[in-house]
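To keep things clear, I will list the structure first and then write my remarks on it.
The values are calculated or read from the model by the stated rules, or taken from the named source; none is laboratory data. Please read these numbers as outputs of a predicted model, since none were measured by experiment. Cβ atoms come from the backbone with ideal geometry, glycine included; neighbour counts cover every protein chain shown. Note: areas computed on protein heavy atoms with side chains; ligands, DNA, RNA excluded. Shrake-Rupley method; radii C 1.70, N 1.55, O 1.52, S 1.80 Å.
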Amino acid sequence: MDETAERRVRQTIRDSLHDGTTAERPRAEDPGPAAGAIIELERVFLGFGENQILEDVSFLAQRGETIAVVGESGTGKSTTLKLILRHLQPDSGRVYVDGEDIASLSFQEALRVRKRMGMVFQGAALFDSMTVYENVAYPLREHTEYDEDEIERRVREKLEFVDLEPDRVMEQLPSELSGGMRKRVGVARAIANDPQIMLYDEPTSGLDPLTTGTITRLIMKLQRELHVTSIVVSHDIRSVFRMASQVAVLADKHIRFFGTPEEMAASDDRYIQDFLGGF
């Protein structure tokens, strides 16, 4: 599809969501991914036994966008990240990464796709027994053939990017860092391989307001300076409204709303207004 057609696709998704009907992206005669989309979930269904998690879920992220996925606890937000990482496969529907349907990939092929992604976990998920240097160097040693001089150069570069002083923190253990510093080290490790895509699972969870602002600005910096495409799962609506290009609201197994933060704030959907809680 050309750019004009793609705009129509987006508007159709929004219109169908706003009027309370199920979202369905119009299909071209030859089915395939939306033009320019880096990540796309298209009519995805997923359940575990009789427990249905997602039903007919569709949304997409264009290059350089930050899409926030929000919703009540247990609505399948983190499940969407697992689908994009190909840790889970949908029962039906498609999950596209840069135009490639990843649902049918083999384990080795899925690893190839994951190398283009950086993941920031809720608790930073650093290796406790490794120093900060070893944590950030880990993906470089696992997935590249860089010599130690190049690894050190990259580790220093990524730590500086997340506003940490390499000479001060590299030899420290995660237990010696504050929560915000651990989260920033987690981001540095995630961007060590210069990923095209960043995935965040509750990046500001458990942080104080000042540190939350620091992490939010860092996510915005990644979009602005590195032009990464990001999917952020978050409960923090204030941070979402600052960083997100588009917001997808998961409710009752469906995408209840998909649009800009401004459109979400202006929505007359009672559920959306209750969810925002007067924000």
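For the chain, the longest principal axis of the Cα atoms and the long axis of helix 179-190 meet at an angle of about 80 degrees. Over the chain, accessible surface divided per residue gives 47 Å², non-protein components excluded, 1.4 Å probe.
Note down the net charge around Lys253, summing +1 for each Lys or Arg and -1 for each Asp or Glu among other residues with Cβ under 14 Å from its Cβ. Please list the in-between numbers first.
Details: positive: Arg43, Lys77, Arg256; negative: Glu50, Glu55, Asp56, Glu72, Asp91, Asp252.
After counting each charged neighbour, the total is -3.
The calculated FRET efficiency for the pair Leu226 and Asp56, based on their C-beta separation and a Förster distance of 30 Å, comes to about 0.35.
Rolling a 1.4 Å probe over the protein heavy atoms leaves Glu262 with an accessible area of roughly 130 Å².
Rolling a 1.4 Å probe over the protein heavy atoms of the chain, with every protein chain left in place, gives an accessible area that is 46 percent carbon and sulfur. Per-peptide packing, taken as the mean over residues of other Cβ atoms within 10 Å, places 185-193, 227-235, 108-116, 136-144 in the sequence 185-193, 227-235, 136-144, 108-116 from highest down.
Ranked from largest, the principal axis spans of the Cα set of the chain equal 55, 44, 41 Å. Sorting Phe107, Phe127, Phe257, Phe275 by solvent-accessible area of protein heavy atoms yields Phe107, Phe127, Phe275, Phe257, largest first, with a 1.4 Å probe. Treat the stretch 83-159 as a sphere of radius equal to its Kirkwood radius over Cα pairs and apply Stokes-Einstein at 20 °C in a medium of 1.002 mPa s; give the translational diffusion coefficient in µm²/s, rounded to a whole number. Result for D is 147 µm²/s.
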